[in-house]
Amino acid sequence: MRYLVRRLVGGGIVLTIVSAVVFGIFYILPADPARLACGKSCTPELMAKIRHTLEIDQPIVVQYERFVKGIFVGRDYLKGTTAQIHCPAPCLGYSYQTDEPVTFLIRDRLPATLSIAFGASILWLLVGLSSGIISALRRGTWIDKTAQAVALGGASLQIYFVGLVLQLIFVDKLQIMRSPGYVSPLQDPKEWFLEMLLPWITLAFLLSAIYARLTRAGMLEIMSEDYIRTARAKGLKKSTINFKHVLRAAITPIVTVFGLDLGQLLGGAVITEYVFNIPGLGRLATDAVSNVDLPVIVGTVMFAAFFIVTANIVVDLLYSRLDPKVRMR
Amino acid sequence: MSGKTEVSPSSEKKIEGRSPSRLAWERLKRDKTAWVSFGIVAIFILMAIASPLFQWIMHTGPDTFHPNTLDEMRGALPLGKFGGVSGQHWFGVEPRTGRDIFLRFVFGARTSLLIALAATVVATVVGVLIGLVSGFFGGKVDQFLSRILEIVMAFPSILFALAITPVLEGILESSGVPKGNASRIPVMIIVMATFGWPYIARIVRGQVISLREREFVEAARALGASRAHLVFKQILPNLWAPILVTVALNIPSFITTEAALTFLGAGVIEPASDWGAMLLQSVPFYSVDPLYTFIPGIGLFLLVLGFNLFGDSVRDALDPKSAR
């Protein structure tokens with residue numbers, strides 16, 4: 001319990017610093033932050049509104065304080081004039097270009113990113129772990145060698161290339177897969193599944209390669225431990241040794257890597273969403289960058305950092321559960 | 001182990017004292033994968049260095065338009081089969097512009113490698129210095145530096161890199177650096193190094209902590225050596241193996257980051273050639289002119305694979321225990 005509190009406080013500190021750094025970089029470093037918030041298709045009226053509401057005339061500390069306060073209790077931009085903008089908590093800023101609070105934009109884009117992340121992670125865990133286990137148990141056979149070669153190749157391939165190639169083969173030439181996109185699973189679960197399939201396979205193909213390598217290496221290392229020899233000498237069944245003793249111990253480091261990968265992905269599968277043109281958080285961020293929509297950029301970066309820090313904490317907690325050797329200090 | 005072990009019956013055979021680096025070198029020389037992967041990497045590097053030579057041979061530049069190679073009736077797609085492959089244009093021509101894909105590929109390799117290597121050098125120098133200081137001094141200094149490391153690693157790196165590029169670029173431009181790639185490329189190197197150094201610092205720190213209390217350091221300290229001497233003359237020379245391995249395994253990730261950033265639009269600017277840019281520009285044509293997508297894609301794959309395999313081989317040679 002004390003460990004949990006300490007980790008949470010530590011995570012909170014990291015997030016505070018990250019937010020301060022992000023805020024500082026985007027609102028203080030540029031010569032004219034209002035120009036950056038206004039974007040490419042900027043009108044003089046919008047510019048004037050932003051200059052007034054961004055409170056650039058205020059000292060930096062006050063600006064940051066109001067920003068942080070907005071996250072917890074919401075915020076009203078431009079108090080006391082006609083054009084009042086309300087941004088409810090948690091307020092991560094206001095996009096002048098789309099005329100919406102950043103939190104609303106994130107909320108709209110989150111389901112697509114969640115769909116990609118969870119579907120792909122189930123797939124890559126299944127494929128990666130099982131091929132890693134088979135490789136380790138059948139070490140040196142042609143199955144192992146093939147799996148290793150595929151894993152090595154997969155680890156050197158890039159989403160932005162594989163995605164296009166798979167789309168060319170399965171969507172355009174063979175026409176057995178739906179063109180990638182996103183519909184709400186609540187509306188049409190079948191269509192959701194069909195349109196998500198290609199992004200899932202692409203992401204899973206590349207990541208399962210890494211997981212297969214990790215699983216294989218981990219299992220082989222554990223299999224050479226003394227206690228496994230003891231278990232064998234005791235006459236335990238092979239399957240008991242392999243799954244209860246070896247896999248149990250080999251899986252702990254994989255849990256760590258998995259948690260971090262998932263955390264990174266939840267903040268936006270930037271490249272995947274870009275390649276397949278899926279309206280998720282990553283796409284929101286890349287669009288914001290190309291439209292120079294400063295508040296959205298700041299908001300999405302902070303949101304993604306939140307997932308990464310949370311994933312770190314969850315991984316540490318899980319680790320101490322899974323591995324009795326790790327004492328909770 | 002292949003080959004015959006020569007057991008010399010004569011007792012006169014000299015017993016050679018071989019240094020660890022010599023042993024590693026001999027292990028590396030025997031490793032076939034190392035040779036093949038080194039060959040792949042070397043071909044790409046030579047190709048990148050020789051890119052102006054190809055320009056001279058082919059009598060055309062990577063940015064020259066060749067409208068006569070395009071079929072105006074079909075939306076300016078290349079004339080002929082396989083994206084316009086011919087004796088004049090070995091890898092075909094770019095749709096819409098007719099620029100020579102082979103030359104863009106060769107010059108693109110140069111851009112990618114230059115940026116990736118520069119980022120590797122900066123990240124390594126910073127990472128090694130911070131790792132050394134953090135591990136050697138320990139205590140408060142270590143806590144402070146480790147916390148910074150943790151924070152840098154908590155940033156969503158690709159997203160942040162995309163976002164910060166225009167900001168940094170603006171700063172460089174306002175301080176007199178010309179617009180375009182002259183300011184974009186330094187920004188890319190800075191951004192990539194910023195997110196790359198923590199991984200190197202972490203490894204160096206761990207190594208320094210285990211070396212710090214060793215007898216030879218103790219002896220030097222007892223002799224009254226300065227801190228700088230201890231760090232740079234006693235500890236650093238023992239670290240070159242792990243640093244080399246980390247560098248070898250980091251280069252491919254910098255290459256792919258560079259391509260990804262350019263693919264996402266925060267990288268090298270037209271008309272400069274770059275593999276990430278080629279992939280991005282090929283997206284609208286991937287189904288009608290697949291070769292245009294495949295050439296930079298396969299190039300990237302081979303180069304990264306070569307570096308990955310070579311890095312693995314170097315690691316196995318330097319640390320035989322890690323070989324599985």
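Any idea which residue in the stretch B:275-302 is farthest from A:Gln175 (Cα to Cα), counting only those that are surrounded by fewer than 19 Cβ atoms within 10 Å (Cβ to Cβ) and at the interface with chain A (Cβ under 10 Å from one of its Cβ atoms)?
The selected residue is B:Leu302.
For the stretch B:238-257, state whether one or more residues are over 22 Å from the mean Cα position of the chain (by Cα) and not hydrophobic (A, V, I, L, M, F, W, C).
Checking the stretch B:238-257: at least one residue is over 22 Å from the mean Cα position of the chain (by Cα) and not hydrophobic (A, V, I, L, M, F, W, C).
Among the candidates B:Leu309, B:Leu305, which residue alone is part of a helix (DSSP H, G or I), within 8 Å of chain A (Cβ to nearest Cβ) and modelled with pLDDT of 90 or more?
Details: B:Leu309 fails: modelled with pLDDT of 90 or more.
That would be B:Leu305, the only listed residue that is part of a helix (DSSP H, G or I), within 8 Å of chain A (Cβ to nearest Cβ) and modelled with pLDDT of 90 or more.
One line per residue, one yes/no per condition, for (1) crowded, with 17+ Cβ neighbours inside 10 Å; (2) in a helix (DSSP H, G or I); (3) in contact with a strand residue (DSSP E or B) (Cβ under 7 Å, 6 or more places away or on another chain); (4) of a type outside the set (D, E, K, R):
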residue	(1), (2), (3), (4)
B:Phe155	yes, no, no, yes
B:Ala163	yes, yes, no, yes
B:Ile171	no, yes, no, yes
B:Arg184	yes, yes, no, no
B:Val231	yes, yes, no, yes
B:Ser253	yes, yes, no, yes
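Residue by residue through the stretch B:72-110, note down the ones that are surrounded by 23 or more Cβ atoms within 10 Å (Cβ to Cβ) and at pLDDT below 70.
B:Gly83, B:Gly84, B:His89
I'd like to check something: does the stretch B:282-293 contain any residue that is within 28 Å of B:Gly306 (Cα to Cα) and aliphatic (A, V, I, L, M)?
Within the stretch B:282-293 (the criterion being within 28 Å of B:Gly306 (Cα to Cα) and aliphatic (A, V, I, L, M)), the answer is yes, since at least one residue qualifies.
Which numbered condition trips up B:Val187, out of (1) modelled with pLDDT of 85 or more; (2) more than 14 Å from chain A (Cβ to nearest Cβ)?
For B:Val187, the exception is condition (2).
Quick test of your reading of the structure: B:Thr165 fulfils all but one of (1) more than 19 Å from the chain's Cα centre (by Cα); (2) more than 12 Å from chain A (Cβ to nearest Cβ). Name the failing condition by number.
It is condition (2) that B:Thr165 fails.
Identify, from the list B:Glu218, B:Glu258, B:Glu213, the residue that is within 14 Å of another protein chain (Cβ to nearest Cβ) and either on the phi < 0 side of the Ramachandran plot or buried (at least 18 other Cβ atoms within 10 Å of the Cβ) (or both).
B:Glu258
What number of residues in the stretch A:223-245 are crowded, with 18+ Cβ neighbours inside 10 Å and either under 27 Å from the mean Cα position of the chain (by Cα) or closer than 24 Å to B:Asp312 by Cβ (or both)?
Looking only at that region, the number is 1.
Which condition from (1) surrounded by fewer than 17 Cβ atoms within 10 Å (Cβ to Cβ); (2) among the aliphatic types (A, V, I, L, M); (3) in a helix (DSSP H, G or I); (4) in contact with a helix residue (DSSP H, G or I) (Cβ under 7 Å, 6 or more places away or on another chain) is the one that B:Val177 breaks?
For B:Val177, the exception is condition (3).
Table: residues versus (1) small (Gly, Ala, Ser); (2) in contact (Cβ under 8 Å) with a residue 60 or more places away in the chain.
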site	(1), (2)
B:Leu168	no, no
B:Leu172	no, no
B:Gly176	yes, no
B:Asn181	no, yes
B:Arg184	no, yes
B:Val187	no, no
B:Ala193	yes, yes
B:Trp197	no, yes
B:Arg202	no, yes
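I'm told B:Ile269 meets every condition in (1) in a loop (DSSP other than H, G, I, E, B); (2) farther than 30 Å from B:Pro166 by Cβ except one. Can you identify the failing condition by its number?
Going through the list (1) in a loop (DSSP other than H, G, I, E, B); (2) farther than 30 Å from B:Pro166 by Cβ, B:Ile269 breaks only (2).
For the stretch A:230-282, enumerate the residues that are at pLDDT below 80 and within 30 Å of B:Thr262 (Cβ to Cβ).
Those that are at pLDDT below 80 and within 30 Å of B:Thr262 (Cβ to Cβ): A:Gly267, A:Gly268.
Would you check if B:Thr111 is part of a helix (DSSP H, G or I), in contact (Cβ under 8 Å) with a residue 12 or more places away in the chain and closer than 30 Å to B:Pro62 by Cα? If you could, list the steps in order and put the result at the bottom.
On the way: part of a helix (DSSP H, G or I): yes; in contact (Cβ under 8 Å) with a residue 12 or more places away in the chain: yes; closer than 30 Å to B:Pro62 by Cα: yes.
Answer is yes for this residue.
Among the numbered criteria (1) within 30 Å of A:Arg107 (Cα to Cα); (2) surrounded by 20 or more Cβ atoms within 10 Å (Cβ to Cβ); (3) of a type in the set (A, V, I, L, M, F, W, C), which one does A:Val257 miss?
Going through (1) within 30 Å of A:Arg107 (Cα to Cα); (2) surrounded by 20 or more Cβ atoms within 10 Å (Cβ to Cβ); (3) of a type in the set (A, V, I, L, M, F, W, C) one by one, A:Val257 breaks only (2).
Whether any residue in the stretch B:122-145 is in a helix (DSSP H, G or I), more than 14 Å from chain A (Cβ to nearest Cβ), more than 27 Å from B:His229 (Cα to Cα) and of a type in the set (Gly, Ala, Ser) is what I want to check.
Taking every residue of the stretch B:122-145 in turn, none turns out to be in a helix (DSSP H, G or I), more than 14 Å from chain A (Cβ to nearest Cβ), more than 27 Å from B:His229 (Cα to Cα) and of a type in the set (Gly, Ala, Ser).
Pairs needed: first member in the stretch A:163-177, facing chain B (nearest Cβ under 7 Å) and within 17 Å of A:Ala204 (Cβ to Cβ); second member anywhere, of a type in the set (Phe, Trp, Tyr) and not in a helix (DSSP H, G or I); C-beta distance under 6 Å; at least 6 residues apart or different chains.
Close Cβ pairs satisfying both conditions: A:Leu164/B:Tyr286.
The values are calculated or read from the model by the stated rules, or taken from the named source; none is laboratory data. This structure is a prediction, so every number in the text was calculated from the model and none was measured. Every residue, glycine among them, receives a Cβ derived from its backbone with ideal geometry; neighbour counts consider all protein chains shown.
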